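Each value in this text was obtained by applying a stated rule to the coordinates, not by laboratory testing. Owing to the predicted nature of the structure, the values given are computational and were not obtained by experimental measurement. Cβ placement follows ideal geometry from the backbone for every residue including glycine, while neighbour counts extend to all protein chains displayed.
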């Protein structure tokens, strides 16, 4: 893991649709990978329901699941927690056409809405809801900002 242990990262609060959510994110290095060890991990709880969080992983290896032959998503900016789309003409984060800021509450709200619409039921479930390949659903998630 980059910087601190994920367990030691403090939770942040977010109000959405009359409910309070607690969330955190971290840059993680995976032991097994094909493209890159870099991954961004997001954990979101509905307040008072710590047994049923949604755990979301954005792994650079998930580019292999996409049908995109023009570019790829780069996961690997631990300080800023930004994931960006890269092409041969467009290799830096500052010039990127699309990016995802996992420190943005607006992004976390979109992640909450997407996962609730796809089966996460934190007030009913007693287990963790895991999305281990979030990049595979990048278009559906609707979390990236476009600089077109």
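The residue 64 and residue 19 beta-carbon pair, evaluated with R₀ = 41 Å, returns a calculated FRET efficiency of approximately 0.70. With the simple spin-label model, which puts each label point 7 Å out from Cα in the Cβ direction, the residue 55 to residue 113 separation comes to 2.7 nm. On the beta carbon distance between residue 130 and residue 31, with R0 = 25 Å, the FRET formula returns roughly 0.90. Residue separation of residue 9 and residue 140 scaled by 0.36 nm, minus their Cα-Cα distance, works out to 44.3 nm of gained length. Computed from the C-alpha gyration tensor, the three semi-axes of the ellipsoid equivalent to the stretch 6-146 are 26, 15, 14 Å, from longest to shortest.
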